[in-house]
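Colleague: Please find one structure pasted underneath; my questions will follow.
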Amino acid sequence: MIVAIFHDRKSLVHVSALKGAMEACFGSHGLRTVEQGYLHVPQNGETLDAARLLGHLQQVSGARPALWMVDRELEYPGIGRVFGCSSEHAALLSAAVADPQMLIREALHETGHLLGLDHCRKHCVMKLTSYEEREERPRSLCAECAARLEAGRGR
Ligand SMILES: [Zn+2]
Ligand SMILES: [Zn+2]
């Protein structure tokens, strides 16, 4: 699977780190990334409506899997503040976090969703974590999720 990476103006600085981390974690499972460049955010304000942006990204990228990094806070209607979120083929990531390691972990989690993984209870990048637990998520897949990706590859 090829995932297209989009960014807004300020989040450009994180693109190469993101690309490297995504390929380090998922490359052995067939993931490649392609830098798609700048994508204008069609919303104003400090906080962005994540659901609307996901729809916009999906429209821009069509059925191709894509991840879009924006340098503002994201709020998902009915959920509240999120660092990242995804729909079937599109994922969003907020670069408005203080810690770049946190950004990477979130990116890997959303990439896992793009590859079809659900949440996992093990010590795993696919673990669902609350805001308080966000530091506890590792940057790698557990053996079960890795096996699930391998099983789905031939499809
Ligand atoms: Zn998730
Ligand atoms: Zn797992």
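Colleague: So which residues in the stretch 94-114 are within 12 Å of ligand 1 (Cβ to nearest atom) and not small (Gly, Ala, Ser), if there are any at all?
Modeller: Result: ARG105, GLU106, LEU108, HIS109, GLU110, THR111, HIS113, LEU114.
Colleague: Just to be sure before I move on: is GLU135 of a type in the set (Asp, Glu), within 15 Å of ligand 1 (Cβ to nearest atom) and either within 22 Å of LEU54 (Cβ to Cβ) or loosely packed, with under 13 Cβ neighbours inside 10 Å (or both) in the structure I sent?
Modeller: no
Colleague: Return yes or no: is VAL70 surrounded by fewer than 21 Cβ atoms within 10 Å (Cβ to Cβ), of a type in the set (A, V, I, L, M, F, W, C) and away from ligand 2 (no atom under 11 Å from the Cβ)?
Modeller: Here the answer is no, as VAL70 does not meet what is asked.
Colleague: I need a count of the residues in the stretch 30-62 that are assigned to a helix (DSSP H, G or I) and crowded, with 18+ Cβ neighbours inside 10 Å.
Modeller: 6
Colleague: With respect to VAL3, determine if the residue is under 12 Å from TRP68 (Cα atoms) and assigned to a helix (DSSP H, G or I).
Modeller: no
Colleague: Taking only pairs six or more apart or across chains, which ones have beta-carbon atoms under 7 Å, a first residue in the stretch 119-141 that is among the polar types (S, T, N, Q), and a second residue that is more than 9 Å from ligand 2 (Cβ to nearest atom)?
Modeller: THR129/GLU136; THR129/ARG137; SER140/CYS25
Colleague: Which of the numbered conditions does VAL125 fail, given that it passes all the others? Conditions: (1) surrounded by 20 or more Cβ atoms within 10 Å (Cβ to Cβ); (2) within 20 Å of GLU46 (Cβ to Cβ).
Modeller: Going through (1) surrounded by 20 or more Cβ atoms within 10 Å (Cβ to Cβ); (2) within 20 Å of GLU46 (Cβ to Cβ) one by one, VAL125 breaks only (2).
Read-outs throughout are calculated quantities, based only on the coordinates presented, and are distinct from any laboratory measurement. A quick note: this is a predicted structure, and the numbers were derived from the prediction, not measured. Here the Cβ is made from the backbone with ideal geometry for all residues, glycine too, and neighbour counts use every protein chain on show.
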